[in-house]
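Single-structure report; data block below.
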Amino acid sequence: MKPIQLEEIPIVIKDYVKDIHSITFPRQGCTSDVGIIQSDNGRYALKRTKTPQFNAWLKKEIMILISLNKETSLPVPKVGKFVEVDGQAWALLEYLEGETIRTALTKTHHKGNREELLRNFGKVMSDIHATPCPEALKSEKIWLDDMLDQATYNLQNYGVDGSEDLLEQIKENRPGNRKQTLIHGDLTIDNVLVHNGEVTGIIDWSGGAFGDPRYDVSLAIRPKHHIFEWESDKLCFFEGYGGSILTEGDYEYFINLYEYF
């Protein structure tokens, strides 16, 4: 993704933050450009999307963050400004101190510290799933039905990793029902921030919903380079979460579903 240029930032955001002294660029996702602004009014995270699909995701994330800030005590960023202009969407968010769990795990070589980070990752997921879901995030439609409809649409209209055959399989082989909870929708090691080993923030909420907690857990424990490649990492995570809620079949199912998002 191309870094955000100062002259591109909408005037309504510049007026809000006052004089911008610097913009730095953290590890970028594939759906948005992200910059950390240092200004007269303090530090902010600025997100910019450029396509109708990703613009809609960012707009949804802003709605979710406003609801979460109003109705929960979860450590999520407050919304400063949101603006849509010239086919792009811009969101100015509170800057939360910390580094991603991925970065923290990569830097630590102390077994105890590593295990504590993984337990805290599991614990914050448990906290999300135990938090009453804001009414604005609820739908009359069952979450999995909605996800399968979205998967079909995404397959037909966007580039996705999943195939038509795989989609038919996951439509026909749904897992057993589980009580829906508040879910994050993409709670990976890149979307939880920690400082001195403690969780300081949960970011990137565009997938937030009243949904199946097994989806969150499955995405969280997908193997990454030197992270969750060993059973011991998963054991620490589930110790923090309070026990595993997955069967092997559940894990495969939800990982396959993610291929369309």
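The values are calculated or read from the model by the stated rules, or taken from the named source; none is laboratory data. Note that the coordinates shown come from a computational prediction; the quantities given were computed from them, not determined experimentally. We place every Cβ from the backbone using ideal geometry, glycine too, and count neighbours over all the protein chains shown.
What the table shows:
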read-out	value
Top-ranked residue of the range 1-44 - restricted to ones that are hydrophobic (A, V, I, L, M, F, W, C) and part of a strand (DSSP E or B), ranked as farthest from Ile203 (Cα to Cα)	Ile20
Check on Asn113, surrounded by fewer than 16 Cβ atoms within 10 Å (Cβ to Cβ), of a type in the set (S, T, N, Q) and in the same structural domain as Ile203 (by TED's automatic domain parsing)	yes
Residue ID - farthest from the chain's Cα centre (by Cα), chosen from residues in the range 214-245 that are surrounded by 14 or more Cβ atoms within 10 Å (Cβ to Cβ) and free of Cβ contacts under 8 Å to residues at least 40 places away in the same chain	Leu235
Test: residue in the range 161-184 that is part of a loop (DSSP other than H, G, I, E, B), under 29 Å from Gly112 (Cα atoms) and either in contact (Cβ under 8 Å) with a residue 40 or more places away in the chain or in contact with a strand residue (DSSP E or B) (Cβ under 7 Å, 6 or more places away or on another chain) (or both)	yes
Residue among Leu58, Leu105, Leu68 that alone is among the aliphatic types (A, V, I, L, M), assigned by TED's automatic domain parsing to the domain that holds Gly211 and at pLDDT 95 or above	Leu105
Of all residues in the range 131-142 being part of a helix (DSSP H, G or I) and over 17 Å from the mean Cα position of the chain (by Cα), the one that is surrounded by the most Cβ atoms within 10 Å (Cβ to Cβ)	Ala136
Only one of Ile101, Ile128, Ile66 that is of a type in the set (Val, Ile, Thr) and in contact with a Phe, Trp or Tyr (Cβ under 7 Å, 6 or more places away or on another chain)	Ile101
Residue among Lys70, Lys123, Lys47, Lys59 that is outside any strand (DSSP E or B) and either among the aromatic types (Phe, Trp, Tyr) or more than 26 Å from Ser218 (Cα to Cα) (or both)	Lys70
Residue that is farthest from Asp149 (Cα to Cα) [pool: residues in the range 187-213 that are of a type in the set (D, E, K, R) and surrounded by fewer than 21 Cβ atoms within 10 Å (Cβ to Cβ)]	Glu198
